[in-house]
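Structure first, commentary second.
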Amino acid sequence: MEYIAQLLNPAHASHSYRRALVGLWVLASDDQRLNQWEQAENESTIAPFKAHILSALEQEKPLDTDTLNAHPLALIRALDDYLASIRLPSSQSSSVSQRAYTFTEADQPYWLVPVTLAGRRSAAMNRQSARLARWFHHHAVLPGRTVQGIEVTCTPSRSALHVCLQALATQQNGQLKVWVAHFDDGADVVWDRTRSPVGNWRTQSVEPHPVRQASMLATLYQAAQAGAQVVVFPEFTLDSLHTEQLRAHLRQSPSSIQMVVAGAFHTEAMTLTEPATFNTAPVLSGHGSLLFAHRKLRLFGNRDDGTEFAQVGNQLHVLVTPIGCMTVLICKDFLDEDPRVNNLLAEVPVDWVWVPSYGDDTTLKAHKARAKKLATVTTGSSCAVAQTQNTALKKDGEVQTLLPGFGHAAGDKAARDVPTTGGLIDFALTTQPLPAKRARQTLKRVK
C-alpha cells in the first residue's frame, strides 16, 4: 500500500490516480488478499471511510498508508467513484474521454477502461464475494496479455461510429439495433483440400458469387431500413471479393449502419517472417474503413475429417465506446472449452460480443449456453451470434436445416432468435449514473 499511497499523493513524482486504481485492481486480483479485505469490510461498513478518502482525493490531500491498509475496499470504491465523477457525460464526451489508459504493473501491461452500462451489475457472480466487479463499479482493468498469452489491445471509437453511439448513450430509452444476418439463397462456400499435405480445409470463394452479392446488398438494405447500427454476417458467407464489394457499397451508400462484422474467411497476411493464412473477421465502419480485423483463435474441425488449413491468431481487439467495450470472436473462440479461450471473456470482460459462426445445431446450442452464462452469470455481456449451417461435411442426399443466429441481452434469461432471412435484435441501453460531480472538479486535470 505504500506504493499506492505514493501514487495518490499529488506532491509525489509518480502521482497518478488512474495508475493507483490499476494497482489496486492488481492487488485485489489475489483471491486470498481480497478475501482478507472482505473479512474486515463490507458495503455497510465502508461508507464513512469512503467519504473521508473521497474528500481527500477531491482536495488533493495525501492519504496515509495506515488508513489505506485499514480500509482498502473503501479506497477502491472512493477512487473508482472519483475518477468516474470527473468523466465527461456522454453528451459532452469525445473519443479521447472514452479512451483506454495503458499502464505497466509488475512488468505486466494493463488497460484501464470505463464501465458505462448497468448490465454489468446484473450478472450474478459480480455481486458475490471475491469478485473484482463487486467493488470496481465504474472501471475495469483488462490484461494486456492473458494467462494463455493472447495479446489484448484497446482502441477508442471514433468519427461517425462514436458520434452515433454517443447519441444513443444520451437517449432516455436508447436502443442499440443489431442486424443478425443469415442467407437462404443457395450460395455456399467452396472448399479446397489440395493445398494441405493432410487434407485440411481452406476456403476459396462463395458461389454463385452474384447470388451472394445480391443477398448481401439486400441484407444491408433491410438492416438500414430497420435502423440497425450494427450488422453481423455469419462465418464463411462473404469471401474476399464480397468484402471489397461490401466496403464499396458502404462508402457510396451512407445509412444508419455504423459497424459491420463482415463474417470471417480465410485470407492471406504477411507475418514477421513469411505469408500466412488466417481465418479473419474484418470489422468495418459504416463508411467502409477497416476498424480492426480479428484472427480466429481456435480452428474448427476434428482429427478424422480434417480441420481448417490456417494459422491461429493471438490477439483480442477491444473497441472502447460510449456504450461500453466491444469485441469480435469467431465461432469456437466464443464457445470452445479449450483453456486458451474458455475463460477469455471472464479475464477480459466486455459489454458486447459479436460472433460470426459456422456450425450445426450442436454449435448453436453451445453458443446459446455460453451467451446465457455471460449475460446472466459471469460478466453481464450482450452477445449477437450470426450462424450458418456447416455444409463442409454434408453427405450426399442429406437434408440440412437452416440455422440462423440470435441475440442475448445482458440480464435477459433467454436469447432471441432471428428468422431464416436474418433479423433485427434491439438491445435496451441502461447506462450507470455517474457519481455526483463537485464544482471544483469540472476543469480539473487528473492523471
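The values are calculated or read from the model by the stated rules, or taken from the named source; none is laboratory data. This is a predicted model, so every value here is computed, not measured. Positions of Cβ are generated from backbone atoms using ideal geometry, with glycine treated the same way; all protein chains shown enter the neighbour counts. In case anyone asks, the SASA skips ligands and DNA or RNA and just uses the protein heavy atoms, side chains included. Shrake-Rupley method; radii C 1.70, N 1.55, O 1.52, S 1.80 Å.
Could you give me the ³J(HN,Hα) list for the stretch 213-221, computed from phi with Karplus coefficients 6.51, -1.76, 1.60 and θ = phi - 60°, whole Hz, x at Gly and Pro?
Values per residue, Gly and Pro as x: 4, 5, 5, 4, 5, 5, 4, 4, 5 Hz.
Report Ser122's accessible area, 1.4 Å probe, all protein chains in place, as a number in Å² to the nearest 10.
Approximately 50 Å² for this residue.
Express in whole angstrom the spacing between the alpha-carbon centres of the stretch 233-311 and the stretch 1-64.
43
Please compute one quarter of the surface area of the Cα convex hull for the stretch 184-304 and express it in square nanometres.
Reported value for the Cα convex hull: 8.6 nm².
Note down the magnitude of the dipole of the stretch 169-245 about its Cα centre, charges +1 on Lys and Arg C-beta and -1 on Asp and Glu C-beta and zero elsewhere, to the nearest 20 debye.
The dipole magnitude comes to about 180 debye.
Report the extension gain between Gln148 and His52 in nm, rounded to one decimal, defined as 0.36 nm multiplied by the number of residues separating them, less their alpha carbon distance.
On the way: separation 96, 0.36 × 96 = 34.56 nm, distance 4.02 nm.
Separation in residues times 0.36 nm, less the Cα-Cα distance, equals 30.5 nm.
Using 0.36 nm per residue, how much length does the chain from Thr102 to Glu274 gain when fully extended, once their Cα-Cα distance is taken away?
Between Thr102 and Glu274, full extension yields 58.9 nm more.
Comparing Phe278, Phe236, Phe300, which has the greatest mean-square fluctuation in the GNM of the chain with Cα pairs linked when under 10 Å apart?
Phe300
Want the number for Ser255 to Ser122: 0.36 nm per residue separation, take away the alpha-carbon distance, what's left?
Extending this stretch completely gives an extra 44.6 nm.
Over the chain, give the accessible area per residue in Å² for a 1.4 Å probe, as an integer.
Value returned for the chain: 43 Å² of accessible area per residue.
List the residues, sorted by chain then number, that are 5 or more residues from Glu105 or on another chain and whose placed amide H is less than 5 Å from its amide H.
Tyr110
Put +1 on the Cβ of each Lys and Arg and -1 on the Cβ of each Asp and Glu in the stretch 213-341; which of Asn302, Leu290, Pro234 then has its Cα farthest toward the positive end of the dipole?
Leu290
Need one number: % antiparallel among DSSP beta bridges in the chain, to the nearest 5.
Roughly 65 percent of the DSSP beta bridges within the chain come out antiparallel.
In debye to the nearest 20, how big a dipole does the chain give about its Cα centre with +1 on each Lys and Arg Cβ and -1 on each Asp and Glu Cβ?
On the way: 43 positive and 41 negative charges, 268 e Å.
The dipole of the chain has a size of about 1280 debye.
How big is the chain along each principal axis, measuring the range of its Cα positions in Å and listing the largest first?
Its Cα atoms span 74, 44, 43 Å along the three principal axes.
Could you identify which residue out of Gly405, Gly186, Gly423 has the top mean-square fluctuation in a GNM of the chain using Cα springs shorter than 10 Å?
Maximum among the listed residues: Gly186.
Counting only C-alpha contacts under 8 Å and six or more residues apart, can you give the relative contact order of the stretch 330-427 as a whole percent?
Computed value for the stretch 330-427: 24 percent relative contact order.
Note down the relative contact order for the chain as a percent, whole number, built from C-alpha pairs under 8 angstrom at least six residues apart.
For the chain, the relative contact order is 18 percent.
What number, in percent, do you get for the relative contact order of the stretch 108-230 if the mean sequence gap of Cα pairs under 8 Å and at least 6 apart is divided by its residue count?
Over the stretch 108-230, the number comes to 19 percent.
Given springs between every Cα pair under 10 Å in a Gaussian network model of the chain, which of Pro254, Pro349, Pro48 has the largest fluctuation?
Among Pro254, Pro349, Pro48, the largest mean-square fluctuation in the Gaussian network model of the chain belongs to Pro48.
Applying 1/(1 + (r/R0)^6) with R0 = 30 Å to the Cβ-Cβ distance of Ala130 and Val198, what FRET efficiency is obtained, to the nearest 0.05?
Values: r = 46 Å, r/R0 = 1.52.
Efficiency for this residue pair is about 0.10.
HN-Hα J couplings of the stretch 315-323 from phi, Karplus 6.51/-1.76/1.60, θ = phi - 60°, integer Hz, Gly and Pro as x?
9, 10, 9, 10, 9, 8, 10, x, 10
Long-range amide H contacts for Ala410: which residues qualify at under 5 Å (H placed 1.01 Å from N, peptide plane, sequence gap of 5 or more or a different chain)?
Counting only residues 5 or more places away or on other chains, the set is Ser382, Cys383.
Greater than 21 Å separation of Cα atoms is the criterion. Which listed pairs, Lys372/Lys394; Lys368/Lys394; Lys296/Lys394; Lys177/Lys365; Lys368/Lys413; Lys332/Lys413, meet it?
Going by Cα-Cα distance, Lys372/Lys394; Lys368/Lys394; Lys296/Lys394; Lys177/Lys365; Lys332/Lys413 fall outside the 21 Å limit.
Using a Debye calculation, one point per C-alpha and no hydration shell, please list log10 I(q)/I(0) for the stretch 1-110 at q = 0.11, 0.19, 0.20 Å⁻¹ in order.
Here the Debye-derived log intensity ratios amount to -0.36, -1.05, -1.15.
Name the residue from Gly144, Ala281, Tyr221 whose Cα lies farthest towards the positive end of the charge dipole of the stretch 133-292, charges +1 on Cβ of Lys and Arg and -1 on Cβ of Asp and Glu.
It is Gly144.
State the answer as a single residue: which of Pro114, His52, Ala100 lies farthest towards the positive end of the charge dipole of the chain, with beta carbon charges of +1 for Lys and Arg and -1 for Asp and Glu, about the Cα centre.
It is His52, whose Cα lies furthest towards the positive end.
Just to check I understand the Karplus step: with θ = phi - 60° and J = 6.51 cos²θ - 1.76 cosθ + 1.60, what whole-Hz values come out for the stretch 112-129, glycine and proline as x?
9, 10, x, 10, 10, 9, 6, x, 5, 7, 7, 5, 4, 6, 6, 9, 8, 5
Could you tally the net charge around Thr280, taking each other residue with its Cβ under 15 Å from the Cβ of Thr280, Lys/Arg +1 and Asp/Glu -1?
Every neighbour counted, the sum reads 0.
Residues with amide H under 5 Å of Asp239's amide H, sequence separation 5 or more or different chain, H placed in the peptide plane at 1.01 Å from N; which?
Result for Asp239 returns Val206.
Rounded to the nearest 500, what is the chain's calculated 222 nm mean residue ellipticity when only DSSP H runs of at least 4 contribute -39500 (n - 2.57) each, over all residues?
Taking each H run of at least 4 residues, the total per residue is -8500 deg cm²/dmol.
Using the alpha-carbon centroid of each, what span in Å lies between the stretch 346-389 and the stretch 405-436?
Their Cα centres are 12 Å away from one another.
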